Amino acid sequence: MNVALAKTDAGRAVDRVFAAARDRLPGGGRVADARGKAFEAFERAGLPHRRLEEWKYTDLRVLMREVLPLAGAPDAAALERARPALQACAIDGAARLVLVDGVFVETLSDAAEAGVSVRALRKVLEQDDTDLLSASATDVMISLNAALATDGVVIEVGDGAALTRPIQIVHVATAASASIVTRSLLKLGKGARATLVESFVAAEGAKGYQSNDAVMIAVGDGAELSQVRLVADSLDAVNVTSAIYAIGARTKLNVFNLTSGGAVSRFQGFLTLAGEGSELSVNGVNLLKGTQHADTTLVVDHAVPHCTSREIFRAVVDDRAHSVFQGRIIVRPDAQKTDGKMMTRALLLSDEAEADNKPELEIFADDVTCGHGATAGALDEGLLFYLRARGLAEKEAQALLIQAFVGEAIEQIADDKFREAAMAQAERWLEARH
Amino acid sequence: MALLEVRDLQVRVEDREILHGLSLTVSKGEVHAIMGPNGSGKSTLSHVIAGKPGYEVTGGQILFNGEDLLEMEPDERAAKGVFLAFQYPVEIPGVATMNFLRTALNAQRKARGESEYSTPDFLKKVREVAKSLNIPQDMLRRGVNVGFSGGEKKRNEILQMALFEPQLCILDEMDSGLDIDALRIAADGVNALRSPDRAMVVITHYQRLLNYIIPDFVHVMSRGRVVKSGGRELALELEESGYAQFEDAA
């Protein structure tokens, strides 16, 4: 059978995108082969759609329609436009690594502190190293990412290193109607301690871009990582991020995702607890308005005994926006004494707002404590009236209650600075409602 | 001019008329008690004055310092000096009491065109009032009313009353759920706020509360109307004979 004959228009378009990008993508030989295979995997499946259980609520064939051509490497003017956007998301004391339109820009980035090695992904790929193009999780958007990743940062923290400064990866978009495809790695050695913040921001002029990021995180035995993602893309952008975690023994991993930007976004986290005695906390908040669509999909895989996982997720959905939370907890047959809990709550601020909560437990061990809960509802009229009777205007009263609602998730952020940054982004969203 | 003037007020909830032409005049410096059996419309009156949604005013008016109160949003009424101490103060998890008090006080001051309190002045004021009401500092750090006992919730209402310095205080069933000691503390807090510049409307089912907060006037409500008004002695009379005599009068 000739597969090419069965191709749709979208299929032919993505063919052209890959063909056009091929020459400028870093890496030859084995890397090019690996990209070709990844592209084939993507091509066979095409963009994910609602008939796939994992993508049930986020049909990219409808929401994204097509894969746009890759953004060109940023020129001097683009870098100039990136500067104010960088300023706006600056975190005090952080060592910043900047990706503009998917390309690592050393001149805008800070040097790493002792104990940390930072390389650009393209340099690694140019050395014919294909490891970074493979991932332990399987998903069609991860395949597309492997095919088209232009650059990223490869960060390695040595055994026992305790970083004093947070690492901040900033994704700045300056492009219009283009794909931005990045792939990064953070590897923490045994007993290492680090904090990572990832910011997604749009510079002036950025418009209708599609960001596809993949980040591989390896947490060595006894290591501690606090990670926060602050997604503030432009309101016409698409952002699909896949985060794949390999988690060692006796680790403490604290992850938080805040999405207030983007037209369509998905954060899919694949977290495998592969070493005993680890404590995992994954939390998030979606703040959505207009016709925004944001999806957080987490798969927490307890592969070994004696680990705990906690997931607290909050969505505030206004206008005709749509929030999705899918959380799956898998407890493998050997993973006795697993303690896994997941709670997701959505606050609907308008009659047309939508929230889908899909918790799933797949438990194959018999001596475990697992639970989940999900709620969706409007602001409590009784609480609103109490606040208004005390002098708060309607929007002010709502803001205070919304802040308290998302605060329950934001409080879970281990790092003080990150907690403040997340709260500040939430407050900006609330102020914009006034 | 009266501080509060309720004229021939008619109020519906869904399809049922609860108040059928209620009138009440309250002037500064006065304490009025409104008594009546359950379902007589006492709480409805307090809710309508404060602006709670869900009530339809089908007739009459409420003037506050001569202004039409019914045209104002609940927060505007608060800023003008109307304060309702809730029968059941709500719990607001995640909103620290201190933050709530400051936000509310400054919102009211801002609406009146007054300057906002500075943090040290605010803290000093709250601490003073809290101390007089026997409210421990750790209560102020907790979420609004979260985990508070019935007595603590009522004291928190009085704390707000003292802080916001309203012209009109409406106390809705302040005694419900309080033991005698808690009642005494709450009543002392209220009495400390009696002033020639302020009026109070005390809504209660039982005369017991009026042993602690002595009213100047007592009104008996039955079936959505004031059926009898008098002095303090009327409350004592009710204690003797109950509300049954008024059921027919209404």
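A few notes on this one:
- Screening the range A:63-107 for residues that are over 27 Å from residue A:17 (Cβ atoms) and of a type in the set (A, V, I, L, M, F, W, C) and picking the one that is nearest to the chain's Cα centre (by Cα) gives A:89.
- Within the range A:378-388, the residues that satisfy the criterion of being more than 7 Å from every other protein chain (Cβ to nearest Cβ) and either crowded, with 21+ Cβ neighbours inside 10 Å or in a loop (DSSP other than H, G, I, E, B) (or both) are A:378, A:379, A:380, A:387.
- Residue check for residue B:156: within 14 Å of chain A (Cβ to nearest Cβ) and part of a helix (DSSP H, G or I): yes
- Total residues in the range A:262-280, condition within 14 Å of residue A:332 (Cβ to Cβ) and within 20 Å of the chain's Cα centre (by Cα): 3
- Residue match in the range B:55-65 (condition: facing chain A (nearest Cβ under 8 Å) and exposed (fewer than 14 other Cβ atoms within 10 Å of the Cβ)): no
- Residue within the range B:30-40 that is more than 14 Å from every other protein chain (Cβ to nearest Cβ), under 30 Å from residue B:150 (Cα atoms) and of a type in the set (S, T, N, Q) present: yes
- Top-ranked residue of the range A:210-245 - restricted to ones that are outside any strand (DSSP E or B) and under 16 Å from the mean Cα position of the chain (by Cα), ranked as nearest to residue A:420 (Cα to Cα): A:233
- Test: residue A:424 is aliphatic (A, V, I, L, M) and either touching a residue at least 12 places away in the same chain (Cβ under 8 Å) or surrounded by 19 or more Cβ atoms within 10 Å (Cβ to Cβ) (or both): no
- Boolean, residue A:409 is assigned to a helix (DSSP H, G or I), in contact with a strand residue (DSSP E or B) (Cβ under 8 Å, 6 or more places away or on another chain) and farther than 30 Å from residue B:47 by Cβ: yes
- Filter pass, residue A:391 being out of contact with any Lys or Arg (no Cβ under 7 Å at 6 or more places or on another chain), part of a loop (DSSP other than H, G, I, E, B) and closer than 30 Å to residue B:74 by Cβ: yes
- Inside the range A:15-42, residues that are touching a helix residue (DSSP H, G or I) at 6+ places or on another chain (Cβ under 7 Å) and in a helix (DSSP H, G or I) make up a count of 9.
- Matching residues, the range A:271-285, being part of a strand (DSSP E or B) and in contact with a Leu (Cβ under 8 Å, 6 or more places away or on another chain): A:271, A:273, A:279, A:280, A:281, A:282, A:284, A:285
Residues checked against (1) free of Cβ contacts under 8 Å to residues at least 40 places away in the same chain; (2) among the polar types (S, T, N, Q):
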{"residue": "B:7", "(1), (2)": "no, no"}
{"residue": "B:16", "(1), (2)": "yes, no"}
{"residue": "B:36", "(1), (2)": "no, no"}
{"residue": "B:40", "(1), (2)": "no, yes"}
{"residue": "B:61", "(1), (2)": "no, yes"}
{"residue": "B:76", "(1), (2)": "yes, no"}
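- Here the condition is being under 30 Å from residue B:69 (Cα atoms), modelled with pLDDT of 95 or more, touching a Pro at 6+ places or on another chain (Cβ under 8 Å) and among the aliphatic types (A, V, I, L, M); of A:378, A:335, A:389, it holds for A:389 alone.
- One residue stands out in the range B:109-124 among those that are touching a Leu at 6+ places or on another chain (Cβ under 9 Å) and surrounded by 16 or more Cβ atoms within 10 Å (Cβ to Cβ): the one that is nearest to residue B:204 (Cα to Cα), namely B:122.
- Count of the range B:1-59 residues, restricted to those that are farther than 25 Å from residue B:90 by Cβ, over 17 Å from the mean Cα position of the chain (by Cα) and not in a loop (DSSP other than H, G, I, E, B), is 11.
- Scanning the range B:77-93 for residues that are facing chain A (nearest Cβ under 7 Å) and surrounded by fewer than 18 Cβ atoms within 10 Å (Cβ to Cβ) gives B:90, B:93.
- Flag set for residue A:157, criterion: more than 17 Å from the chain's Cα centre (by Cα), buried (at least 24 other Cβ atoms within 10 Å of the Cβ) and not charged (D, E, K, R).
- You will find that of A:184, A:234, A:199, A:211, the residue that is farther than 24 Å from residue A:138 by Cβ and buried (at least 23 other Cβ atoms within 10 Å of the Cβ) is A:199 and no other.
- Check on residue B:191, in a helix (DSSP H, G or I), in contact (Cβ under 8 Å) with a residue 12 or more places away in the chain and surrounded by fewer than 20 Cβ atoms within 10 Å (Cβ to Cβ): yes
- Some residue of the range A:344-360 being in a strand (DSSP E or B), farther than 18 Å from residue A:317 by Cβ, of a type in the set (Asp, Glu) and away from every other protein chain (no Cβ under 13 Å): yes
- Filtering the range A:43-89 to residues that are of a type in the set (Phe, Trp, Tyr) and in a loop (DSSP other than H, G, I, E, B) leaves only A:57.
The values are calculated or read from the model by the stated rules, or taken from the named source; none is laboratory data. Computed from a predicted model, the values in this text were never measured in an experiment. Glycine also receives a Cβ, built like all others from the backbone with ideal geometry; neighbour counts cover every protein chain displayed.
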